[in-house]
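For reference, the structure is listed below as C-alpha cells.
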C-alpha cells in the first residue's frame with residue numbers, strides 16, 4: 001500500500017508542478033517577469049518527483065542552452081545575476097537612445113578606485 005500511495009503523491013506533485021510551470025510560463029511573458037518564480041517552483045517540484053522529466057530537462061538543456069541556462073541558474077538560487085541578464089536582454093528591444101543599463105554599469109566600473 002505504501003508504494004501505491006507514494007506513486008499517487010508523486011503524480012499529484014507532478015501535476016501541481018506542471019500547473020505552476022504553466023502559470024509561470026504565461027507570467028514570464030509579461031513585462032515584469034514576476035510570475036517566473038512559479039515556473040522555477042513548478043520545475044523544482046516536477047524534477048524532484050520524476051526521473052522521466054529530469055532526463056527530458058537534461059536533453060533540453062543540451063539542445064537549447066540559451067533558454068535553459070537561466071532556469072538552471074535560478075534553480076541554484078542565483079537570482080540577481082539572472083535578473084540582470086534578463087533586463088539587459090530585454091533592453092535590446094528598446095531604441096538605442098533609451099538603453100541606459102549597460103552605460104551605467106560601465107560608468108560605475110570606471111568610477112571605482
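Bear in mind that the values in this text are calculations on the coordinates, not laboratory data. None of the values given here were measured: they were computed from a predicted structure. Every residue, glycine among them, receives a Cβ derived from its backbone with ideal geometry; neighbour counts consider all protein chains shown.
Per-structure values
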| quantity | calculated |
| --- | --- |
| Förster radius 30 Å - calculated FRET efficiency between residue 60 and residue 10, Cβ distance, rounded to 0.05 | 0.90 |
| Label selected from [x] 1.48; [y] 1.13; [z] 0.98, the criterion being Rg/Rh (Cα atoms, Kirkwood Rh) as computed here | [y] |
| Helix 101-111 vs. the chain, principal-axis angle (Cα, 0 to 90°, nearest 10) | 60 degrees |
| Ranking of 111, 90 by count of other Cβ atoms within 10 Å, fewest first | 111, 90 |
